[in-house]
1. Which residues' amide hydrogens lie under 5 Å from the amide hydrogen of Val170, considering only partners 5 or more residues apart or on another chain, with H built in the peptide plane?
2. Which cross-chain or sequence-distant (5 or more) residues have an amide H under 5 Å from the amide H of Thr282, H modelled 1.01 Å from N in plane?
3. What percent does the relative contact order of segment 319-469 come to when contacts are Cα pairs within less than 8 Å and at least six residues apart?
4. What percentage of the solvent-accessible surface of segment 346-429, computed with a 1.4 Å probe over protein heavy atoms, is contributed by carbon and sulfur atoms?
5. Can you give the accessible area of Phe371 in Å² (nearest 10), computed on protein heavy atoms with a 1.4 Å probe?
6. Over segment 258-347, with the other protein chains present, what is the accessible area per residue in square angstrom, probe 1.4 angstrom?
7. As I understand it, the value is the acute angle between the Cα axis of helix 389-406 and the longest principal axis of the Cα atoms of the chain; what does it come to in degrees, rounded to 10?
8. Note the angle between two axes, namely the Cα long axis of helix 91-103 and the longest principal axis of the Cα atoms of the chain, as a number of degrees from 0 to 90, rounded to the nearest 10.
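The values are calculated or read from the model by the stated rules, or taken from the named source; none is laboratory data. Note that this is a predicted model, so its numbers are computed, not measured. Positions of Cβ are backbone-derived with ideal geometry, glycine not excepted, and every protein chain shown enters the neighbour counts. Heavy atoms of the whole protein, side chains included, go into the accessibility calculation; ligands, DNA and RNA do not. Shrake-Rupley method; radii C 1.70, N 1.55, O 1.52, S 1.80 Å.
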Amino acid sequence: MASKTEKGQQIWGGRFAARPSDIMQAINASIHVDQRLAREDIAGSRAHADMLAEQGIITAADNEAIQAGLDLVLEELNDDRFPFRVEFEDIHMNIEARLQELIGDPARRLHTARSRNDQVVTDFRLWTRGALSEAAAQLARLQRVLVGVAERETETVMPGFTHLQTAQPVTLGHHMLAYVEMFGRDRTRLQDCAVRLNESPLGAGALAGTGFPIDRDATAEALGFDRPMANSLDAVSARDFVLEALATLSIATTHLSRLAEEVVLWSSAQFGFVRLTDAWSTGSSIMPQKRNPDAAELIRAKASLVTGHYVALQGAIKGLPLAYAKDLQDDKRLTFESFDTFMLCAQAMVGMIGTARFHHDRMREAAAHGFSTATDLADYLVRALDMPFRQAHHVTGRLVALAEDAGCDLVDLTLDQMQSVEPRLTNDIFTVLSVEASTRSRQSYGGTSPVRVAEQVAQWKRRLAMEEK
Ligand code: ARG
């Protein structure tokens, strides 16, 4: 093969007399993972070769041959004809070797003033930049679905929980918008790290820069980076850009997992709040009655892969002296798997929530139980009887105990029964005890009242529509 020496060795094999052992190759090769960087690698090589020619480091003719050869490589990739070969270790040497086979000698000048150390991290920054923007777009799609549910369910009353105990009635729209807020913050975090990431390591060489008169501003600009990185040691060894991406992704996936957990609970017979469509449920091989929320469960489980990979990468980096070490090769596997997992989970969530049917009756019924309007009663005592809140809390507690003894809810107590606890109460009290009255009353900014929820829905719809333009 053109890229091997007569002794049949690797591209870097000049000083070696023997081939690596098979196991060495197995642990060392990364082509099965980093082949995903092929397009970024070609883009980096194009920018590098153009710059070398512009600077008079290679001839214009060599650059033309290289660019034409890279076109051929790209065609092979697009047609799934590119021969990925494990003996060339990684994507960088696979492409360079193939280029040599296709165009001969000019290919041997491409690696002038470049090292795989700046090459790989240039490719990786480009890839991560694209992945961050895809992840943010996927979260925007999920937000649209959730806002759609919130719009339909602005008035739908359900129990709000603390400690998973019925606390106060809320609206389903309000509950959905809580997740819209979380995913909104996740999106800004993804965008923030894309800004910090966007500096070019290309031209840092192996670690110390190069003696060739390269133009790092030109390659940075050609690749859409804001500027070249200022320190070559930092450029080849820094991976905080991807740590930050995975940390952010881990938070976003954690939010997906919390929502998934709600779907698991809500679709159970005990809650009965939601029914997933057939397309988003699975059956049991033995129990014919089952409709299992497998996608939600898997989102819940897979969320820990992303967090785990973040921790694994942090662990790989924390003990590394400057500059490059091969430990850094594993960053790609961890990152690709994390983004793949995140995208799959977010897509599944879009499909599941977008088609789910909510059972209004069950939600309302559950909201009305468990003395969920006890706080409304206490607030009423403060307003109507000018009671200090602490005293109102105590009086309400006695009314709850009374209802509990009678085996009924607060609304089911008679006025006589109520007056046995607080003689000044009138029939007026019953106006605050319904779940609708309760949610309607919570009109403070950010509260659960349908008017506030409708405002938030309108605002999110405007924001999301503006982004689509
Ligand atoms: N495949 C390597 C990686 O992903 C490329 C850089 C190799 N550099 C080196 N000095 N061996 O990190």
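1. When sequence neighbours closer than 5 places are left aside, the close amide H contacts are Met158, Gly160.
2. Correct list: Asn292, Asp294.
3. 17 percent
4. Solvent-exposed carbon and sulfur of segment 346-429 make up 50 percent of the total.
5. 40 Å²
6. For segment 258-347, the solvent-accessible area averages 51 Å² per residue.
7. 70 degrees
8. The angle comes out near 40 degrees.
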